[in-house]
Amino acid sequence: MVNIGSGAQRKLKDVTLSRYACYLVVQNGDPSKPVIAAGQIYFAIQTRRQELADDDAFKKIT
């Protein structure tokens, strides 16, 4: 339930986002909000982790 302007509450549907959609939401969100900041940190860590894995894989084939 979410509050609307008149003080009443309204039920909202749940939505399922793809991983890429989540990435776009947090990258374009307000980093002063804790959930957005946590999402940005999560994706930064995952990106770095993948970069390191790619480097290791590249070194093995060259």
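Below is a table of values for the structure above.
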quantity	calculated
Pick from region 28-47, criterion part of a loop (DSSP other than H, G, I, E, B) and surrounded by 10 or more Cβ atoms within 10 Å (Cβ to Cβ), ranking: nearest to the chain's Cα centre (by Cα)	GLY29
So GLN50, is it polar (S, T, N, Q), surrounded by 10 or more Cβ atoms within 10 Å (Cβ to Cβ) and within 9 Å of the chain's Cα centre (by Cα)	no
Some residue of region 19-27 being out of contact with any helix residue (DSSP H, G or I) (no Cβ under 8 Å at 6 or more places or on another chain) and surrounded by 10 or more Cβ atoms within 10 Å (Cβ to Cβ)	yes
Region 1-17 residues that are on the phi < 0 side of the Ramachandran plot and in a loop (DSSP other than H, G, I, E, B), paired with ones that are acidic (Asp, Glu) and surrounded by fewer than 10 Cβ atoms within 10 Å (Cβ to Cβ) (beta carbon under 6 Å, 6 or more apart)	none
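Since every read-out is calculated from the coordinates, none of them should be taken as a lab result. All of these numbers come straight from a predicted model, not from anything done at the bench. Because the Cβ atoms are built from the backbone with ideal geometry, glycine has one as well, and the counts that use them run over all protein chains shown.
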